[in-house]
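Values in this text are rule-based calculations from the coordinates and carry no lab data. Bear in mind the structure is a predicted one, so any value in this text is a computation, not a measurement. For neighbour counting, all protein chains shown are included, and Cβ atoms are generated from backbone atoms with ideal geometry for every residue, glycine included.
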Amino acid sequence: MKFAKRMDRLGTETAFEVLARAKNLEAQGKDIIHLQIGEPDFDTPPNIVEAGVEALRNGFTHYGPSPGLPNVRARIAEEVAQTRDIQVEADNVVVTPGGKPIMFFTMLSLVNAGDEVLYPNPGFPIYESMINYVGGVPVPMQLHESREFSIDVDEVAAQITPKTKLMIVNSPNNPCGSIIPRDDLERLARLAVEKDLIVLSDEIYMRILYEGRHESITQFPGMVERTIILDGFSKTYAMTGWRIGYGVMPVDLADQMGRLMANSVSCTAPAIQMAVMEAMNGSQEESYGIVTEFKKRREVIVDGLNDIPGISCQMPKGAFYVFPNITGTGMTSRRFADDLLSEASVASLAGEDFGKYGDGFVRFSFANSTENIEKALERIRAFAS
Ligand code: PLP
């Protein structure tokens, strides 16, 4: 078959490929420890599951409005207004199957061929893939290990040109678990206003934060009017497979994204939207418990990695990933990740899967039991020695 030219520009998320490789090895009888995964190892809290099942029984089995059920949009707006201390209404919200489509829809509705888009590197691989797919020019904003994996705002300022249309920020960040300090966020906001940039603020990990409070770029003057907040339920409520997330944005853009929904998936499944009403309204105990558990595992994995010669690892401030520097082992990150899986049965992701500045690092997820993390650390130690 002759594919459309644009397919050459589409990237992927290696996590799914590594998962397939690991499953293959498991089928051959290998005992694999999965530290490549980007999802909580917990099950969805039972009250949320019950609400979803109940909604199905109550007839939420039909199409719904493309941008989301009105009461769900209103409840999300309330939640976002409260957590970011900003003013937004139901009309600003578009509910999507996962937070991921908001990236795609943002590019499709805003980026013309040749427009430059600033994005974090190392960063979530889909940003770069989507920018390329729509014909935009990806401009990597380097996250520096020496700055606790944050950006250098002066460097970013120098990267802005008359063609820069959009800037993507992701705090807490995947893969580094880093955050952008408040002062730097404020400076970025000023730059965005001054240079008339639109900002996509991926805040999917905002509730998985181990220190301080979440800071959103939308809190600064002039930002609500030019920012798309991406958020969702996958990570906080262990709902990755349900596929539900949302974007919060200016109303005219929300209308455009509603049209993209109508043209693609029609709507997000209404019963699943009802389940997240329970996630937002019900007890938050379980989701707080998940964060407390992650915090304990974070210490175990960071201490364990720093104890291995050739590896140095910073303490992540949010999300459930560590991004250790492995250059001291003498291996490239690709070789390290590949051989660690085939020789030591530990699955991880090579840093360069998150962009060129990820070279020399490996991403481990600590969304696995402490017991498995400890077992993995022993294997990594033996492998690296
Ligand atoms: N943003 C970041 C930074 C992520 O790591 C992910 C998932 O791994 C997403 C967005 C998308 O989450 P979902 O589509 O499952 O809601």
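Estimated from helical segments only, the mean residue ellipticity of the chain at 222 nm is -12500 deg cm²/dmol, where each DSSP H run of four or more residues counts as -39500 (n - 2.57). The magnitude of the dipole of the chain, with charges of +1 and -1 set on the Cβ of Lys/Arg and Asp/Glu and taken from the Cα centre, is near 860 debye. Once the Cβ-Cβ distance of Lys30 and Lys356 is raised to the sixth power relative to R0 = 22 Å, the FRET efficiency obtained is 0.10. For the range 1-145, how big is the tail of P(r) above 23 Å, as a whole percent of Cα pairs? Of the Cα pairs, 61 percent sit more than 23 Å apart. In order along the range 362-370, phi translates into HN-Hα couplings of 9, 9, 10, 9, 9, 7, 8, 5, 4 Hz, rounded to whole numbers, per the Karplus curve 6.51 cos²θ - 1.76 cosθ + 1.60 with θ = phi - 60° and x for Gly and Pro. Normalising the Debye intensity of the chain to I(0), with uniform scatterers on Cα atoms only, and taking log10 at q = 0.15 Å⁻¹ returns -1.44.
Magnitude of the Cβ-charge dipole of the range 95-154, K/R +1 and D/E -1, about the Cα centre, nearest 20 debye? Intermediate values should be presented prior to the final figure.
Numbers: 2 positive and 7 negative charges, 64 e Å.
My answer is approximately 300 debye.
Distance from the Cα centroid of the range 20-38 to that of the range 166-229 is 35 Å (rounded to whole angstrom). Cβ under 12 Å from Asp353's Cβ, Asp353 left aside: what net charge do those residues give with Lys, Arg +1 and Asp, Glu -1? Net charge around Asp353: -3.
Charges at C-beta only: +1 for Lys and Arg, -1 for Asp and Glu. How large is the resulting dipole of the range 110-197 about its Cα centre, in Debye rounded to 20? Could you put the intermediate results ahead of the total?
On the way: 7 positive and 13 negative charges, 45 e Å.
About 220 debye.
Full extension of the chain between Ser283 and Tyr63 yields a length gain of 76.3 nm, computed as 0.36 nm times the residue separation minus the alpha carbon distance.
Which is the longest run of the chain containing none of the trypsin sites (Lys or Arg not before Pro) found in DSSP loop states (not H, G, I, E, B) with at most 16 other C-beta atoms within 10 Å? Provide the component values of the computation, followed by the final result.
Values: sites that count: Lys2, Lys30, Lys163, Lys195, Arg213.
Answer from the scan: 214-385.
What FRET efficiency comes out for Gln219 versus Glu148 if R0 is 25 angstrom and r is the Cβ-Cβ distance? Round to the nearest 0.05. For Gln219 and Glu148, the calculated efficiency is 0.75. Applying 1/(1 + (r/R0)^6) with R0 = 30 Å to the Cβ-Cβ distance of Arg190 and Ala74 gives a FRET efficiency near 0.40.
Pairs exceeding 30 Å between alpha-carbon atoms, taken from Lys100/Lys163; Lys2/Lys235; Lys163/Lys295; Lys163/Lys235; Lys23/Lys375; Lys30/Lys100: Lys2/Lys235; Lys163/Lys295; Lys163/Lys235; Lys30/Lys100.
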